[in-house]
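Participant: Can you read through this structure? Questions will come right after.
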Amino acid sequence: MTQEHASRPLEVACPQCRKKVAWIEDNLHRPFCSQRCKLLDLGAWADESHRIAGEPAMDETEIDEMIMRAERGQE
Ligand SMILES: [Zn+2]
């Protein structure tokens, strides 16, 4: 029996630059594509403390849900 690797990795868009990011454990900066984007985003939030509270790009609960769904193979 061949051991197939769990399908293709889930991809998310980097909240900072919109680059596709593979949601894998190796990517310590997910959902950002890099530490640079992660810091830029955090910096933006710190700078704009008065930023209008709109919808956050995606909160962790949603991401968890997406992953669970992807793992069960129902996208
Ligand atoms: Zn990025």
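The values are calculated or read from the model by the stated rules, or taken from the named source; none is laboratory data. Quick caveat: nothing in here was measured; it's all calculated off a predicted structure. Counting neighbours? That spans all protein chains shown, and the Cβs are built from the backbone with ideal geometry, glycine included.
Participant: Select from region 1-24 the residues that are loosely packed, with under 15 Cβ neighbours inside 10 Å and at pLDDT below 90 and write down the one among them that is farthest from I67 (Cα to Cα).
Facilitator: Applying the filter and picking the extreme gives M1.
Participant: Which pairs turn up if I take residues in region 28-40 that are under 19 Å from L10 (Cα atoms) and look for partners that are surrounded by fewer than 15 Cβ atoms within 10 Å (Cβ to Cβ) and of a type in the set (D, E, K, R) with beta carbon separation below 6 Å, at least 6 apart in sequence or on another chain?
Facilitator: Here the result reads C33/K19, each pair linking region 28-40 to a residue that is surrounded by fewer than 15 Cβ atoms within 10 Å (Cβ to Cβ) and of a type in the set (D, E, K, R).
Participant: Looking only at residues in region 16-35 that are in contact with a strand residue (DSSP E or B) (Cβ under 7 Å, 6 or more places away or on another chain) and among the aliphatic types (A, V, I, L, M), which one is nearest to the ligand (Cβ to nearest atom)?
Facilitator: Selected residue: V21.
Participant: Now a separate question. (1) modelled with pLDDT under 80; (2) more than 15 Å from A13 (Cα to Cα): which one isn't true of P56, the others all being true?
Facilitator: Of the numbered conditions (1) modelled with pLDDT under 80; (2) more than 15 Å from A13 (Cα to Cα), the odd one out for P56 is (2).
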